[in-house]
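Data first, discussion second: the structure below is written as structure tokens.
The values are calculated or read from the model by the stated rules, or taken from the named source; none is laboratory data. Predicted, not measured: the structure shown is a model, and the values here were computed from it. Here the Cβ positions follow ideal geometry from the backbone for every residue, glycine too, while neighbour counts run over all protein chains shown.
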Amino acid sequence: MYSKLAPGNKAPDFKFKTAWDDEFNFYDAVGNNPAVLIFLRYYGCPVCQMEMAKIKQEIDLVSKKGGRVFVVLQSAPETLASLTNKEDWPFTIISDPQGKVFQLYGVDAGGIIKYLHPAGLIAAIKAISRGFRHGKFEGKETQLPAAFAMTGDKLIKYAHYGENIGDMPSSLSEMIIGI
């Protein structure tokens, strides 16, 4: 397993696919711009759907700094393509069903205790009460979230590793200070 990353570390480069595009190189996709990289579980997860909706609402915070947002999901490209459209999202959804990018950034799955943590259950109830419904299960159900913000030279300025499935920064503004 790879080590966790911290502010000051260089963000690892990787190749990725989306449900709608051919393979990209992360550094090439980012260019010399700041970027936010968010790791969620999978598209069918109500908590993840709620987080993606929140990111969609706050995307201008990153865009105003000339940055881009990338969301990494365990969902297969075929699943994403059958459930949503590229135009629905103002950020890039990276499909990582084998978990290679999760590993590269040291984003681990938690055990059953972290999965059933009261804060994670509260997040699930909140998501369902807001109308987000559970879809297809994919990947590791106990996968934990993470978030990183990096400068145009790929230095990590913000790193957050979730302690339960609902443990994410409160907003993009919290992540982008200093990029």
Subset of segment 22-51, residues part of a loop (DSSP other than H, G, I, E, B), loosely packed, with under 13 Cβ neighbours inside 10 Å and out of contact with any strand residue (DSSP E or B) (no Cβ under 8 Å at 6 or more places or on another chain), comes to Asp22, Gly31, Asn32
When Leu83 is evaluated against the numbered criteria (1) aliphatic (A, V, I, L, M); (2) modelled with pLDDT under 95; (3) more than 15 Å from the chain's Cα centre (by Cα); (4) within 21 Å of Asp153 (Cα to Cα), which criterion, by number, is the only one it fails?
(4)
Being among the β-branched types (Val, Ile, Thr), under 22 Å from Phe16 (Cβ atoms), in contact with a Phe, Trp or Tyr (Cβ under 8 Å, 6 or more places away or on another chain) and at pLDDT below 90 narrows it down to one of Ile176, Ile94, so name that one.
Ile176
Looking only at segment 11-21, which residues are under 16 Å from the mean Cα position of the chain (by Cα), in a loop (DSSP other than H, G, I, E, B) and surrounded by 15 or more Cβ atoms within 10 Å (Cβ to Cβ)?
Ala11, Pro12, Phe14, Thr18, Ala19
Give segment 115-135 a look and list any residue that's crowded, with 18+ Cβ neighbours inside 10 Å and touching a Ser or Thr at 6+ places or on another chain (Cβ under 7 Å), or say none.
none
Given the criterion within 23 Å of Lys136 (Cα to Cα) and aliphatic (A, V, I, L, M), identify the matching residue among Ala19, Ala35, Ala29, Ala6.
Ala19
Flagged in segment 87-112 as touching a helix residue (DSSP H, G or I) at 6+ places or on another chain (Cβ under 7 Å) and of a type in the set (D, E, K, R), in numbering order, are Asp96
Looking across segment 143-165 at residues that are of a type in the set (Gly, Ala, Ser) and surrounded by fewer than 22 Cβ atoms within 10 Å (Cβ to Cβ), the single one that is farthest from the chain's Cα centre (by Cα) is Gly152
If the requirement is being in contact with a Ser or Thr (Cβ under 6 Å, 6 or more places away or on another chain) and of a type in the set (Asp, Glu), which of these qualifies: Glu78, Glu138, Glu87?
Glu138
Would you list the helices (runs of 4 or more DSSP H) that sit entirely within segment 79-179 and hold 3 or more residues that are touching a residue at least 40 places away in the same chain (Cβ under 8 Å) and under 20 Å from Lys10 (Cα atoms)?
100-104
Residues of segment 62-78 being in a strand (DSSP E or B) and not hydrophobic (A, V, I, L, M, F, W, C), in sequence order, are Arg68
Does segment 136-174 hold any residues that are more than 23 Å from Asn25 (Cα to Cα), aliphatic (A, V, I, L, M) and in contact with a Pro (Cβ under 9 Å, 6 or more places away or on another chain), and which are they?
Ile165, Met168
